[in-house]
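Encoded as structure tokens, the structure appears first; notes follow it.
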Amino acid sequence: MTTETLDIKITKTNHSRLAETDFDNLVFGHTFADHMFVADYADGEWKNFQIVPYGEIGLSPAISALHYGQAFFEGLKAYKHEDGTVSVFRPDKNAARFNKSAQRLCMPDLPEDIFVQSIAALVDVDRDWVPTAENHSLYIRPFMFATDPYLGVVPSKTYKFMVLTGPVGPYFSKPLRVKIETEYTRAAEGGFGYAKAAGNYAGAMLPTRRAVEQGFDQMIWTDAKEHLYAEEMGAANVMFVLDGTLVTPSTRDTILDGVTRNTVLAIARDWGMPIEERRVSIAEIIEGAKSGKLTDAFGAGTAATIAPVGSIFYEGEEYHLSDPASREFSTKLFKKLNDIRYGRVADEHGWNYTV
Ligand SMILES: Cc1ncc(COP(=O)(O)O)c(C=O)c1O
């Protein structure tokens, strides 16, 4: 399907905010492009596909999204190539995860072509908002929430699907001081940690605030049962190079199956690097940090990109890792990822969706 096949009503703004936006001082999530996408789900189908000026929307105060958390989202990015081409990175993967989240929260599926076409159409309308500077991109935030106007702990019959976009620069500006979290839990088996549910992020706010108050940038969540195994970071999957092998926690129902994680594994596989997706114990990470076998550690995520871990705090000790600038794997990886996304090298896996 092409973007022509989805019947989208486009109403453009008369007052673009583009000229007054300071692209050199972007704070993540604070700047929105001129337009947004909106669609409604009712009577068992998606309808009313519209692109309208970015702005407030009217809703009943009784919607289940506000009371019982029937809400989830996605995050992906569009990049501008040197020749002016704009491409969205792997939107099909986000479409698939969107529906995994929808199913877990008893919400309706959104066909992949509607997901991809709505994003492509919106990015096309606001293509001048896609930044050109290195490490900058247009962040894309699709989300769905329940809109039935009554209180009842039952799945809503109506929903909205919306997409916002906004230009962003780097999410983290320095190597991360990371704490291994052994008190709080992000997700338990049988729960919905693998869904990009709004509630997962609400539950993480207090532990994250505590960690920040203690001077940390991020935490590595551990398993709910024993707090002995690494799961993921706050907004990124976590990956390690241990004794020459790329090691990362295998995905399960407590871990978000990251698109960046999947991409990193594919690139590492192309490079012939040994890979292990398995349970990763905190003990082996600490042991690796002590012995020097842990030569690389980073968060991998759409917003975070490849975020080097500078130090790991566990049981009262802080373990400092090597200078990120000297790390062979993540340096090469970060460059390769950027080269693909900005169209500087061949897109061998077909990851760039041209708008
Ligand atoms: C909890 C969590 N884990 C992992 C990730 C990484 O996923 P992705 O690479 O698809 O952005 C994210 C999203 O950015 C996240 O919020």
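Computed quantities for the displayed model
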quantity	calculated
Any pair with Cβ under 6 angstrom, 6 or more apart, that starts in the stretch 1-26 at a residue that is under 16 Å from Ala39 (Cα atoms) and modelled with pLDDT of 95 or more and ends at one that is of a type in the set (D, E, K, R) and surrounded by 14 or more Cβ atoms within 10 Å (Cβ to Cβ)	none
Residues (away from the ligand (no atom under 16 Å from the Cβ) and either within 21 Å of Tyr171 (Cβ to Cβ) or touching an Asp or Glu at 6+ places or on another chain (Cβ under 8 Å) (or both)) located in the stretch 233-245	Val241, Leu242, Thr245
Meets criteria (open to solvent by 40 Å² or more (accessible area, probe 1.4 Å), closer than 14 Å to Thr165 by Cα and among the hydrophobic types (A, V, I, L, M, F, W, C)) for Phe28	yes
Residue among Ala303, Ala266, Ala297 that alone is within 16 Å of the ligand (Cβ to nearest atom), under 30 Å from Phe73 (Cα atoms), hydrophobic (A, V, I, L, M, F, W, C) and open to solvent by less than 10 Å² (accessible area, probe 1.4 Å)	Ala297
Filter result (among the hydroxyl-bearing types (Ser, Thr, Tyr) and either touching a Leu at 6+ places or on another chain (Cβ under 9 Å) or not in a strand (DSSP E or B) (or both)) within the stretch 296-330	Thr302, Thr305, Ser311, Tyr319, Ser322, Ser326, Ser330
Candidate set from the stretch 272-292 (those that are touching a Leu at 6+ places or on another chain (Cβ under 9 Å) and either within 16 Å of the ligand (Cβ to nearest atom) or farther than 17 Å from Ala230 by Cα (or both)); member that is most open to solvent (accessible area, probe 1.4 Å)	Glu277
Flag if Thr248 is more than 18 Å from Ala297 (Cα to Cα), surrounded by 14 or more Cβ atoms within 10 Å (Cβ to Cβ), within 16 Å of the ligand (Cβ to nearest atom) and of a type in the set (Val, Ile, Thr)	no
Cβ-Cβ under 7 Å pairs, at least 6 apart or on other chains, the stretch 201-217 side open to solvent by 60 Å² or more (accessible area, probe 1.4 Å), far side assigned to a helix (DSSP H, G or I) and more than 16 Å from the ligand (Cβ to nearest atom)	none
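The values are calculated or read from the model by the stated rules, or taken from the named source; none is laboratory data. In this text, all values refer to a predicted model and were calculated from it rather than measured experimentally. Note that each Cβ is placed from the backbone with ideal geometry, even for glycine, and that neighbours are counted across all protein chains shown. Just the protein is used for accessible areas: all its heavy atoms, side chains included, with ligands, DNA and RNA removed. Shrake-Rupley method; radii C 1.70, N 1.55, O 1.52, S 1.80 Å.
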